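Sharing a structure, written as structure tokens. Questions coming.
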Amino acid sequence: MKKVVEGSHAVSEAVRLARVDVISAYPITPQTHIVELLSEYCSDGTLNARFLRVESEHSAMAALIGAASAGVRTFTATSSQGLALMHELLHWAAGARLPIVMAEVNRALAPGWNIWTEQTDSLAQRDTGWIQLYCEDAQEALDTTLQAFRLAETVHLPVMVVLDAFFLSHTYEPVDIPEPEEADRFLPPFQPAFCLDTENPAAFNQLAPPNAYMEMRRSMQDAMESALDVLDAIEDDYERLFGRRYGAVEAVHCDDADIILVTSGTITSTSRLVLRQLREKGEKVGLVKMKAFRPFPFEALRIHTAHAKKLAVIDRNFSFGAGGIFAQEIRSALCNLARRPLVFGYVAGLGGRDVTTDVIEDIYWRTKTSAHPEAESIWIGLHQPAPAA
Amino acid sequence: MELNVLDRDYMCSGHVGCPGCGAAIAMRFLLKALGEKTMMVIPACCWSIIAGPYPQSTLKVPVLHTAFETGGAVASGLRAALDTKGDTETTVVTWAGDGGTFDIGFQALSGAVERNEDFIYVCYDNEAYMNTGVQRSSSTPYGAWTTTTPGQEWKRLRKKNIVEALVAHRIPYAATASIAFPEDLVRKVQKAKSIKGSRFLHIYASCPTGWRIPSEMSIKIARMAVQTNIFPLYEVENGVRYTINYMPKGYLVREYFKLQGRFKHLTDDDLEQIQEMVNEDWELLLRKAGVAMSAAGTVA
């Protein structure tokens, strides 16, 4: 049934449909609406789950590590500082091979205090062993959250469903919400491959000396490598039931494009409009939307972009001393190809600054008129001159 | 002496604790008292090592090893999961050292017991970060040498009173116990097991390696800690009802201190000062327990 719901609540509805057993969360803007609605669902009996109101994000993740180790379905949500505080336990959850699902609402890191959207918080967690899926709109947030449980429980890795602060989390959109019976057909009850059991006592996460540790890491990588095929198969099922699919990478008008915009999150929606306008003017422009960041969709990216002359990667994130994070990874994905496009890395919209159609158009024309990138990262929309220090 | 516990052991021989390790003795008694329907959450501590490397395990109950500061939170989640599975029989136990309890794990512990999560939190206290090589914690007592309080920089701050901090949360049950008083320890574990909500046990666990004592002195030192009032045996129900389980017979703290290398630098004046601190703490405890005391300092 279609309802107009907030992006945050689209995630909450998916968690309700997933019949999660244990939720553990700590308040942080702009994630809070997700768990507020879930708290209501737990208290009014709509969702038969235990809701732990813990004293920090660190404990939110720790509690889910405890719960998932007992073989139940778990969920939490966070943002920014909260995610940073969880960092140690993100490694732990992945290393323990726990299928925890977390909604992460992208918010800039302090200082200065900034609650608006930026992806540096989640991208800084790229080496933790979590699958990361970036969503464009509320429908995708719901669908991806529901799929995330199946993906996590199949490959035994935790999944982070990532959405932009406010532009997505606090925006109301019409969303097709599956009926519970339909969702059950897609997502059966969790059958853990292993869990703590007094009938079969075992030690989990114990000391792993050098002769054991490396194989454990390799098995995580094997799981990561399988995740794209697994996601594809999950999307087949989802499409059959609900008529929607997204793909780890989505390519729009890429076949004949000279220049391809590469985006993630809500900037993608704005770029779709710019793409249409530029196409109407006869520009040979395409769009690649990066949904999966971990695992990184090397093959799909190469297939869709290798023939283009230039890529214009728009990063709403930054790695100091290096550059926009998507741009870095895209360069590394293409570097061994005999024929490859020039990669222009643009940094825009940090700390929630608006990335409008004008900004994206400007990025397109700059890319078209430059023979080479003028810098490793080209910062767009900086106030000039910069305020004196 | 006959103990009211099962003959069965839930701990295998061949664990990798140091000779005379109080924490190994404490674990053995704990599991005897709890039985097989027990799940252990072990944050980073000596027991992360003692329990054995992959793929072996010293314990015959499930063990969930976890990060240093997460004992309270991981147990909360585990308990919640067991509840949703309809398993109300299994006892969830967090087993943490003093560093993981007094210091880095204190927030998660405080959060868990404020929520009155249904689990037993056991702190086995060896009064410093022993697993990393004897660094001071907030449990390290006044007067002690550690590798981070060396030479004349020995610790001149009092040990944090963890039981009183937990009692302030008004939890259903908080108690101290000692490896030198196994029948008292076992009784308290069994009592804790019979109570719902957050239960806290503070177990004195001597450390021959870190305290610079011979391994065969482990139990003797633990007994003296109780006899000198340095580590009184008592329990507190619902944050208010105090019961003192052992009344001392007038031993002086210097007897306890002089047996341990970690205190060998202390002068008579220092020991005098420490005796006064111990007396003060004991009198405070007696007042809370409502026990009258004679002017001479002995219990009337």
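Of the options A:35, A:251, A:214, report the single residue whose Cα projects farthest towards the positive end of the charge dipole of the protein assembly as shown (beta-carbon charges: Lys, Arg +1; Asp, Glu -1).
Towards the positive end, the residue furthest out is A:214.
Next question, about the same structure. Once a ≥ b ≥ c are taken as the square roots of the eigenvalues of the Cα gyration tensor of the stretch A:46-100, is the result rounded (a/c under 1.5), prolate (a/b larger than b/c) or oblate (a/b not larger than b/c)?
Details: a/c = 2.06, a/b = 1.18, b/c = 1.74.
Taking the square roots of the gyration eigenvalues as a ≥ b ≥ c, the stretch A:46-100 is oblate.
Hey, what's the Cα Rg ratio for the protein assembly as shown versus the globular rule of thumb, 2.2 N^0.38 Å?
Working it through for the protein assembly as shown, the quotient is 1.11.
Treating the beta-carbon of each Lys and Arg as +1 and of each Asp and Glu as -1, no other charges, what is the dipole magnitude of chain A about its Cα centre, to the nearest 20 debye?
That gives a dipole near 920 debye.
On average, how many beta carbons from a partner chain sit within 10 Å of the beta carbon of a residue in A:208-218? Could you put the intermediate results ahead of the total?
Values: counts 4, 2, 0, 2, 3, 1, 0, 0, 1, 0, 0.
Average neighbour count from other chains, rounded to a whole number: 1.
Same structure again: Contact order normalised by length for the stretch B:22-289, with contacts defined as Cα pairs under 8 Å and 6 or more residues apart; what percent is it? The partial results should precede the final answer.
On the way: 528 pairs, mean separation 45.5, N = 268.
Dividing the mean separation by the residue count of the stretch B:22-289 yields 17 percent.
Is the stretch A:143-216 best put as rounded, prolate or oblate by its Cα gyration tensor, with a ≥ b ≥ c the root eigenvalues, rounded for a/c under 1.5, and otherwise prolate when a/b is larger than b/c, oblate when not?
Oblate shape, in that a/c is at least 1.5 and b/c is the bigger or equal ratio.
Ok, one more. So which aspartates and glutamates pass the test for residue A:309, namely a Cα distance under 15 Å, with those fewer than 8 places away in the same chain ruled out?
A:255, A:256, A:258, A:283
Please check: in the Gaussian network model of chain B (C-alpha springs, under 10 Å), which one of B:287, B:170, B:79 has the largest mean-square fluctuation.
Largest GNM mean-square fluctuation: B:287.
Now for a separate question. Loop-only check: which chymotrypsin sites (Phe, Trp or Tyr not before Pro) in the stretch A:300-380 are DSSP coil with at most 16 other Cβ within 10 angstrom?
Answer by residue number: A:320.
When only Cα pairs under 8 Å and 6 or more residues apart are kept, what is the percent relative contact order across the stretch A:250-379?
That works out to 26 percent.
Put +1 on the Cβ of each Lys and Arg and -1 on the Cβ of each Asp and Glu in the protein assembly as shown; which of B:30, B:82, B:152 then has its Cα farthest toward the positive end of the dipole?
B:152
Tell me what chain B gives for mean residue ellipticity at 222 nm when only DSSP H runs of n ≥ 4 count, each as -39,500 (n - 2.57), the sum divided by the residue total, rounded to 500 deg cm²/dmol.
-10000 deg cm²/dmol
For a quick check of your reading of the filter: which trypsin sites (Lys or Arg not before Pro) in the stretch A:194-252 sit in a DSSP loop and have no more than 15 other Cβ atoms within 10 Å?
Loop-located and lightly packed - A:244.
Just checking the output field for A:49-58: average partner chain Cβ neighbours within 10 Å of each residue's Cβ?
On the way: counts 2, 7, 1, 9, 2, 9, 10, 5, 0, 7.
Averaged over the peptide's residues, the number is 5.
So what's chain A giving for Cα Rg divided by 2.2 N^0.38 Å, two decimals?
0.98
Would you kindly state the longest site-free stretch of chain B, with sites defined as GluC sites (Glu not before Pro) in a DSSP loop (not H, G, I, E, B) surrounded by at most 16 other Cβ atoms within 10 Å?
The answer is B:90-300.
Picking from B:286, B:40, B:116, whose Cα lies most toward the positive end of the charge dipole for chain B (charges on Cβ: Lys, Arg +1; Asp, Glu -1)?
Ranked along the dipole, the leading option is B:40.
Let me ask something else about it. Please report the spacing between the Cα centers of the stretch A:57-81 and the stretch B:69-140 in Å, no decimals.
What the calculation gives is 16 Å, centre to centre.
A further question on this structure: Charges only on Cβ, +1 for Lys and Arg, -1 for Asp and Glu: so what's the dipole of the protein assembly as shown about the Cα centre, in debye to the nearest 20? Each step should come with its number before you reach the end.
Details: 67 positive and 82 negative charges, 279 e Å.
Around 1340 debye, computed over the protein assembly as shown.
For each of A:262, A:11, count neighbouring Cβ atoms within 10 Å of the residue's Cβ, then give the residues from fewest to most.
The fewest-first ordering by Cβ neighbours comes to A:262, A:11.
Let me ask something else. Dipole magnitude of chain B about its Cα centre, charges +1 at Lys/Arg Cβ and -1 at Asp/Glu Cβ only, in debye to the nearest 20?
My answer is approximately 240 debye.
What angle do you read, to the nearest 10 degrees and between 0 and 90, between the alpha-carbon axis of helix A:267-280 and the longest principal axis of chain A?
Result, in degrees: 30.
Enter the mean number of other protein chain beta carbons within 10 Å of the beta carbon of each residue in A:91-97, as an integer. Don't skip to the answer; put the middle values down first.
Numbers: counts 1, 5, 0, 0, 0, 3, 0.
Going residue by residue through A:91-97 and averaging, the value is 1.
Let me ask another. Expressed as a whole number of Å, what is the distance separating the alpha-carbon centroids of the stretch B:205-252 and the stretch A:225-303?
67
Where both partners of a DSSP beta bridge lie in chain B, what percent of those bridges are antiparallel, to the nearest 5? Present the calculation step by step, with values, prior to reporting the outcome.
Details: 11 of 36 bridges.
Rounded to the nearest five, the antiparallel share is 30 percent.
Of the listed pairs B:155/B:220; B:32/B:288; B:159/B:196; B:60/B:160, which have alpha-carbon separations greater than 26 Å here?
Violating the 26 Å limit, Cα to Cα: B:32/B:288; B:159/B:196; B:60/B:160.
Among A:161, B:74, what is the fewest-to-most ranking by other Cβ atoms within 10 Å?
Numbers: A:161 27, B:74 32.
Fewest-to-most Cβ neighbours within 10 Å comes out as A:161, B:74.
Roughly how far apart, in whole Å, are the Cα centres of the stretch A:95-122 and the stretch A:312-327?
Centre-to-centre (Cα) distance: 16 Å.
Based on other C-beta atoms within 10 Å, arrange B:188, B:37, A:284 from fewest to most.
Placing the least packed residue first, the sequence is B:37, A:284, B:188.
Still on this structure: Say we join alpha carbon atoms closer than 10 Å with springs in a Gaussian network model of chain B; which of B:267, B:146, B:66 then has the biggest fluctuation?
B:267
Further, regarding this structure: Comparing B:118, B:270, B:184, which has the greatest mean-square fluctuation in the GNM of chain B with Cα pairs linked when under 10 Å apart?
Residue with maximal mean-square fluctuation among B:118, B:270, B:184: B:270.
Helix A:210-242: angle to the longest alpha-carbon principal axis of chain A, degrees 0 to 90, nearest 10?
With both axes taken from Cα atoms, the answer is about 80 degrees.
Separate question: Taking only C-alpha pairs under 8 Å that are 6+ residues apart, what is the relative contact order of chain A in percent?
16
Binning at 10 angstrom from zero up to the longest distance, how are the C-alpha pair distances of the stretch A:260-389 distributed in percent?
12, 46, 35, 7, 1
Every number in this text was worked out from the coordinates using simple rules, so none of it is lab data. These numbers were taken from a predicted model, which means no experiment stands behind them. Note that each Cβ is placed from the backbone with ideal geometry, even for glycine, and that neighbours are counted across all protein chains shown.
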